[in-house]
């Protein structure tokens with residue numbers, strides 16, 4: 001798939017994130033069709049994945065429906081004998097499940113913050129350093145995510161659809177695993193604690209250790225009305241502060257600013273996949289590690305215990 005102009009892409013699920021994937025792929029010059037329960041006059045639409053694979057003949061499939069439906073769609077896609085590349089929206093599944101037998105050329109998970117310039121800069125700065133501690137915080141008020149829709153009807157608000165901060169905001173768990181080495185143990189507190197009318201967890205705080213970092217604290221929440229995503233890293237020689245909202249990184253007292261538009265990380269992720277450059281994307285084993293961390297965090301909060309990898 002080195003020539004993106006000749007790439008035929010299929011996006012499964014055409015909600016807000018599916019629309020974003022489809023639009024960006026079209027901007028990259030791809031021929032795009034979608035699988036959706038509804039017809040869409042603006043784009044070629046199929047009612048189910050088997051017909052779409054047979055007729056559109058994609059070499060790149062993006063699965064972008066609700067988390068709880070990811071596994072079923074992968075099973076359906078594998079059953080068609082599809083042999084191209086698959087990008088699965090994060091997280092992998094709502095809980096650990098066996099992968100269906102398949103003939104996919106490659107499967108990656110869409111943790112697009114790996115392509116954020118601030119994260120890439122921080123990762124490069126931390127190479128070969130003695131990392132001592134990390135503090136990571138991400139919060140955004142759920143009713144403000146999509147003001148034009150009722151948050152109570154979103155998949156984020158519904159536990160049965162794979163919503164909740166541990167799954168929804170798992171970008172940060174992924175890039176920490178990616179930068180700091182696999183997680184080793186975790187202790188967590190959290191659940192559905194606010195007055196939001198949801199059935200999913202709205203706040204979790206994790207204390208954990210990674211292969212290359214002995215102490216890390218992470219908070220994920222649906223409550224922060226300002227909206228923040230940041231992390232502070234102390235090493236033996238430096239302090240780094242990364243802000244993914246203002247797109248800045250501080251190296252001790254020196255500030256660097258990056259020009260980042262909302263679609264940039266998605267565009268870079270898709271471009272890498274279309275070129276066959278899979279190394280920077282989240283692999284199946286890495287996504288499973290993050291999913292196991294989420295499961296361990298829930299177990300820890302329920303049983304009030306440390307849980308090891």
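By count of other Cβ within 10 Å, fewest leading, how are 183, 145 ordered?
145, 183
I need the shape label for the range 86-139. Rule: rounded when a/c is under 1.5, else prolate if a/b > b/c, else oblate, with a, b, c from the alpha carbon gyration tensor.
Here the range 86-139 falls in the prolate category.
Taking only Cα atoms and a 10 Å spring cutoff, compute GNM fluctuations for the chain and point out the largest among 197, 286, 241.
With Cα springs under 10 Å in the chain, the top fluctuation among 197, 286, 241 is at 197.
For the chain, set up a GNM with springs between Cα atoms under 10 Å and report which of 23, 146, 108 has the largest fluctuation.
Result for the chain, Cα springs under 10 Å: 146 fluctuates most.
When a/c reaches 1.5 or more, the comparison of a/b and b/c decides; with that in mind, is the range 54-164 rounded, prolate or oblate per its Cα gyration tensor?
It comes out oblate by the Cα gyration axes.
Using a 10 angstrom cutoff on alpha carbons, build the Gaussian network for the chain and name the most mobile of 67, 205, 235.
Comparing 67, 205, 235 in a Gaussian network model of the chain, the most mobile one is 235.
Starting from 0.36 nm per residue, how many nanometres of slack lie between residue 123 and residue 39 once their C-alpha separation is accounted for?
Working: separation 84, 0.36 × 84 = 30.24 nm, distance 4.27 nm.
So the chain would gain 26.0 nm between residue 123 and residue 39.
Suppose the chain between residue 239 and residue 205 were pulled fully straight at 0.36 nm per residue; how much longer would it get relative to their current alpha carbon spacing?
That works out to 10.0 nm of additional length.
Starting from the Cα-Cα distance between residue 232 and residue 26, subtract it from 0.36 nm times their residue separation and give me the gain in nm to one decimal.
Extending this stretch completely gives an extra 70.5 nm.
Taking the Cα-to-Cβ direction at residue 130 and at residue 148 and moving 7 Å from each Cα, how far apart do the two end points lie in nm?
Placing both labels 7 Å beyond Cα along the Cβ direction yields 5.4 nm.
Just so you know, all these numbers are worked out from the coordinates, no wet-lab data involved. All figures in this text were calculated on a predicted structure; none of them were measured in a lab. As a convention, Cβ positions derive from the backbone with ideal geometry for all residues, glycine included, and neighbour counts pool all protein chains shown.
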